[in-house]
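Remarks on the structure that follows.
The values are calculated or read from the model by the stated rules, or taken from the named source; none is laboratory data. Source: prediction; values computed, not measured. Positions of Cβ are generated from backbone atoms using ideal geometry, with glycine treated the same way; all protein chains shown enter the neighbour counts. We work out accessible area using only protein heavy atoms, side chains counted, and drop any ligands, DNA or RNA first. Shrake-Rupley method; radii C 1.70, N 1.55, O 1.52, S 1.80 Å.
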Amino acid sequence: MSFNDNVRQIYIDQLNEMKNGGIFKEERAICAPQDSEIDVEFPIGSEKKHVINMCANNYLGLSSHPEVVKAAHEGLDVRGYGMSSVRFICGTQDIHKTLEQKLTEFLGTEDTILFPSCMDANGGVFEAVLTDQDVMIADRLVHASIIDGMRLCKAQNDSFKHSDMNHLEQKLQLHQDKRMRLIITDGAFSMDGDLAKLDKIVELAEKYNSMVFLDDSHSSGYIGKTGRGTQEHCGVMGKIDIITTTLGKALGGASGGCVSGRKEIVEMCRQKARPYLFSNTVAPVIVEGALRVLDIISKSTERRDKLEDNTKFWRKGLTDAGFIIKEGETAIVPVMLFNAKLSQDFAKDLYAEGIYAVGFFFPVVPKGQARIRTQLSAAHEMHHLEKALAAFIKVGKKYDILGKTKQEIIDKYGM
Ligand SMILES: *Cc1c(COP(=O)(O)O)cnc(C)c1O
């Protein structure tokens, strides 16, 4: 069937359905480097507006850091622009091996393999290391890329209720007959900003002879006293068998991901993981940028300390003002509004005040749990946060939600 008018109409109808259902995603254009202050066109083509950015994964403020940019320039000069190859043909430079070594040291593991992205790492790792004799037991809120990776793997697919350790224990008991069990979790969960109970998970893994998989994308670089991630925060460094993480968030924010962990598992990925074998190498500029990032954060905890202070200020400021936030220790701070339309109106009013934060609602979060997700950065200065807080309070007053309970907000605006 060719792309005739009937076929075209099928897509037009589907897209209209998304628009009417309020789930159509519109891009905004950022016309500046990624930072705490950016120029935005929203909608694209409209006049640029200068805003404070409260929704980037730029946790350590390294996305446009002069030293990182400089290192990337040097990478470009010394190792060129592109590799025109996958890793195992002619796409591995000395610097790719150095970066893998540095990530291994930083994460306290045995070995590391780079992928074009963490989405690709998660897409390839399960199929490469498990067979139909094994079982994967995943937290029900793991990232979409893990769900996709699990679909590609022949091991049995099971899950436990989010952070419910009793439920996980039941599942581990249920699967004692399998050759291998793999518990799968995110470190920081991106919508609620809560951390996995990794110490309890490791305990259960030891009791029930299971391996542990951790995707630490939203934690690597800043969670834990030296930023080693959830495993450091929970005191289980070196006990996680498989860690995946991204270079696309705190660690410079460009792109790239990795699998790090037991050396035999990493070797299996080198032999079998399809996104590693069949997708292009991470570009040299990114490798050099990431090396500088690791250098900066290994020498000093200044940036993650500043982020911790910023996060504390922000969480306390919102709570004192009478907002309902999701408690936690990450730099992801959801401000609960419950009603979907309210979350969109609120975000629009914030934008008018020069604050850029996004409202999330069903199906991204459960029905009746709409929110504005704010994310802190070490690039935020106190004056940014004070201005953002004042804007939140102004808009909060407009909608009369300050100091109100969840029930009162739902009574007023509906679920
Ligand atoms: C962002 C994210 C990814 C994807 O990372 P990319 O490197 O951008 O593909 C994977 N897992 C989790 C938990 C994430 O938050």
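With the condition kept exactly as written, say whether any residue in the stretch 172-186 is modelled with pLDDT of 95 or more, in contact with a Gly (Cβ under 8 Å, 6 or more places away or on another chain) and in a loop (DSSP other than H, G, I, E, B). Checking the stretch 172-186: not a single residue is modelled with pLDDT of 95 or more, in contact with a Gly (Cβ under 8 Å, 6 or more places away or on another chain) and in a loop (DSSP other than H, G, I, E, B). Restricting attention to the stretch 48-73, the residues that are open to solvent by 80 Å² or more (accessible area, probe 1.4 Å) and under 20 Å from residue 25 (Cα atoms) total 1. Of all positions in the stretch 214-232, at least one carries a residue that is within 23 Å of residue 131 (Cβ to Cβ) and either assigned to a loop (DSSP other than H, G, I, E, B) or touching a residue at least 40 places away in the same chain (Cβ under 8 Å) (or both). Taking the listed residues 47, 17, the one that is part of a loop (DSSP other than H, G, I, E, B) and either among the basic types (Lys, Arg) or outside the structural domain of residue 247 (by TED's automatic domain parsing) (or both) is 47, with no other qualifying.
Restricting 76, 141 to those that are open to solvent by 10 Å² or more (accessible area, probe 1.4 Å), in the same structural domain as residue 284 (by TED's automatic domain parsing) and assigned to a helix (DSSP H, G or I) reduces the list to 76. Has the stretch 1-9 got at least one residue that is open to solvent by less than 90 Å² (accessible area, probe 1.4 Å), under 16 Å from residue 344 (Cβ atoms) and either touching a strand residue (DSSP E or B) at 6+ places or on another chain (Cβ under 8 Å) or not β-branched (Val, Ile, Thr) (or both)? No, there is no match, as no residue in the stretch 1-9 is open to solvent by less than 90 Å² (accessible area, probe 1.4 Å), under 16 Å from residue 344 (Cβ atoms) and either touching a strand residue (DSSP E or B) at 6+ places or on another chain (Cβ under 8 Å) or not β-branched (Val, Ile, Thr) (or both).
Listed by first and then second residue, the pairs linking a residue in the stretch 249-278 that is basic (Lys, Arg) to a residue that is within 16 Å of the ligand (Cβ to nearest atom), with Cβ atoms under 6 Å apart and 6 or more places separating them unless they lie on different chains, are 249/57; 249/217; 270/113; 274/124. Consider residue 236 carefully, then state whether it is modelled with pLDDT of 95 or more, open to solvent by less than 20 Å² (accessible area, probe 1.4 Å) and either within 14 Å of the ligand (Cβ to nearest atom) or in a helix (DSSP H, G or I) (or both). Against the criterion (modelled with pLDDT of 95 or more, open to solvent by less than 20 Å² (accessible area, probe 1.4 Å) and either within 14 Å of the ligand (Cβ to nearest atom) or in a helix (DSSP H, G or I) (or both)), residue 236 does not qualify. Those residues that are farther than 18 Å from residue 199 by Cβ and over 23 Å from the mean Cα position of the chain (by Cα), I need them from the stretch 158-180; list them, please. Once the filter is applied, which keeps residues that are farther than 18 Å from residue 199 by Cβ and over 23 Å from the mean Cα position of the chain (by Cα), the stretch 158-180 yields 170, 171, 173, 174, 175, 176, 177, 178, 179, 180. In this structure, residue 368 does not qualify as surrounded by fewer than 19 Cβ atoms within 10 Å (Cβ to Cβ), in contact with an Asp or Glu (Cβ under 8 Å, 6 or more places away or on another chain) and in a loop (DSSP other than H, G, I, E, B). If you scan the stretch 129-182, which residues turn out to be charged (D, E, K, R), within 16 Å of the ligand (Cβ to nearest atom) and closer than 21 Å to residue 207 by Cβ? Residue satisfying the conditions is 139 alone. Would you call residue 86 buried (at least 23 other Cβ atoms within 10 Å of the Cβ) and among the hydrophobic types (A, V, I, L, M, F, W, C)? Answer is no for this residue. Could you please let me know if residue 113 is under 30 Å from residue 191 (Cβ atoms), within 16 Å of the ligand (Cβ to nearest atom), in a helix (DSSP H, G or I) and open to solvent by less than 20 Å² (accessible area, probe 1.4 Å)? No: the conditions fail for residue 113. Candidates in the stretch 211-227 are the residues that are surrounded by 24 or more Cβ atoms within 10 Å (Cβ to Cβ) and more than 11 Å from the ligand (Cβ to nearest atom); of these, the one that is nearest to residue 290 (Cα to Cα) is 221. When the helices (runs of 4 or more DSSP H) confined to the stretch 271-329 are screened for residues that are open to solvent by 20 Å² or more (accessible area, probe 1.4 Å) and within 18 Å of residue 218 (Cβ to Cβ), those reaching at least 1 such residues are found at 302-321.
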